[in-house]
Amino acid sequence: MMYTPINEFIRITKDAYLKGWHERNGGNLTYRLTKDEVEEIKGIFNAREWVELGITVENLKNEIFLVTGSGKFFRCVELSYEENMGAIEISPCGSKYRILWGLTNGAVPTSELPSHLMNHNVKFSVTNGSHRVILHSHTTNIIALTFVLPLNDTIFTRELWEMATECPVVFPNGVGIVPWMIPGGNEIAFATSELMKKYDVAIWAHHGTFCSGETLDLTFGLMDTVEKAAEILVKVLSMGGKKQTILSHEFKELGDAFKVTLNPECLK
Ligand code: 2HA
Ligand code: ZN
């Protein structure tokens, strides 16, 4: 038997794989279940032992997440979901987790669990709990751009905004950049979560992208929009660069027309 939030989670892993963002075990996805969803699926839970997180996530105490597994392939989630994903619960003290369902045959949550949980922890406070999803993808064109654009939030944002008129409406605060760091640990998790105070998109230089959002579809859509802008920019640069573009005053008019406040640092 399959359950609705689990079905949705599986659908996103499949779509993201088909986008070409999840070679081998690349990328990871976590979703914080609503209270109603927990009620809906708790019949399948079977709690295992508590495990130390190595960090404390104050805002996530007792929260339950669907997560992809460490070393697991997005390609395989749909084919054998109980082996490749699972549900985990954060302890009442916020410093441990336990597996409630899935992650069979000794599997454990994603290697990027510190980054995911620290991002969720920050987003919980800055969005009053409305953000529930963190998606990390190995977005080909964004990664390519981290080799040629300055690793600067404002410059990266402006270049991406210019590539499609709706970009500033979809990510009005812009994107943040984490310089190259070793993945999987607490240091990169902290750097990413600092950016998540301001942005919904954090790019890891020469590695990939983190997106935060309210729903699985919105978060996937944000990743898709950012990566598409990056693809256009790669094409434009390959054709010899911009000959004309959208100007700052035009972005201001767009912000007014769509009633969104665009990050003023990127409008200079
Ligand atoms: O292999 O994407 O960042 C999973 C990852 C690590
Ligand atoms: Zn990665």
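The values are calculated or read from the model by the stated rules, or taken from the named source; none is laboratory data. Since we're looking at a predicted model, the values are computed, not measured. Glycine gets a Cβ as well: all are built from the backbone with ideal geometry, and neighbour counts include every protein chain shown. Note: areas computed on protein heavy atoms with side chains; ligands, DNA, RNA excluded. Shrake-Rupley method; radii C 1.70, N 1.55, O 1.52, S 1.80 Å.
Tabulated data for the structure shown
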item: Rounded, prolate or oblate (a/c below 1.5 giving rounded, otherwise prolate when a/b exceeds b/c) for the stretch 192-266 by Cα gyration tensor; result: oblate
item: Inverse of mean 1/r across different Cα pairs in the stretch 1-158, Kirkwood, Å; result: 16.4 Å
item: Cα centroid of the stretch 24-38 to Cα centroid of the stretch 234-262, whole Å; result: 34 Å
item: The chain: calculated mean residue ellipticity at 222 nm from DSSP helix runs of at least 4, using -39500 (n - 2.57); result: -11500 deg cm²/dmol
item: DSSP-loop trypsin sites (Lys or Arg not before Pro) across the stretch 35-144, with at most 16 other Cβ within 10 angstrom; result: ARG48, LYS61
item: Candidates GLY176, GLY26, GLY240: whichever shows maximal mean-square fluctuation once the chain is modelled as a Gaussian network with Cα springs under 10 Å; result: GLY240
item: Under-5 Å amide H pairs with LEU33, H placed in peptide plane, nonlocal only; result: ILE64, PHE65, LEU66
item: Cα-Cα over 25 Å, subset of LYS197/LYS252; LYS14/LYS228; LYS61/LYS228; LYS198/LYS235; LYS35/LYS123; LYS42/LYS96; result: LYS61/LYS228; LYS198/LYS235
item: The stretch 145-154 - phi-based ³J(HN,Hα) in whole Hz, Karplus 6.51/-1.76/1.60, Gly and Pro as x; result: 5, 5, 8, 10, 8, x, 7, 9, 3, 5
item: The stretch 196-268 - percent relative contact order, Cα under 8 Å, separation 6 or more; result: 14 percent
item: Cα Rg over Rh - the stretch 118-184, Kirkwood; result: 0.99
item: For the chain, built as a Gaussian network whose Cα springs stay under 10 Å, the top-fluctuating residue of ASN128, ASN186, ASN62; result: ASN128
item: Mean separation of Cα contacts under 8 Å, 6 or more apart, over the residue count of the stretch 109-205: relative contact order %; result: 37 percent
item: The stretch 114-203 - percent of accessible surface contributed by carbon and sulfur, probe 1.4 Å; result: 58 percent
item: Residue-by-residue Karplus 3J(HN,Hα) for the stretch 190-200, coefficients 6.51, -1.76, 1.60, Hz, glycine and proline x; result: 5, 4, 5, 5, 4, 5, 5, 5, 10, 10, 9
item: Phi to ³J(HN,Hα) by Karplus 6.51 cos²θ - 1.76 cosθ + 1.60 over the stretch 210-225, Hz, x for Gly, Pro; result: 10, 10, 10, x, 6, 10, 4, 5, 5, 6, 4, x, 5, 4, 4, 5
item: Accessible solvent surface per residue of the chain, calculated while the other protein chains remain in place, 1.4 angstrom probe, Å²; result: 45 Å²
item: Choice from VAL51, VAL170, VAL133 with maximal GNM fluctuation in the chain (Cα, 10 Å cutoff); result: VAL51
item: List SER238, SER80, SER137, ordered by accessible area with a 1.4 Å probe, largest first; result: SER238, SER80, SER137
item: FRET efficiency, 1/(1 + (r/R0)^6) with R0 45 Å, evaluated for LYS198 and ARG48 via beta carbons; result: 0.80
item: Equivalent ellipsoid semi-axes, the chain, via Cα gyration tensor eigenvalues times 5, rooted, Å; result: 33, 19, 17
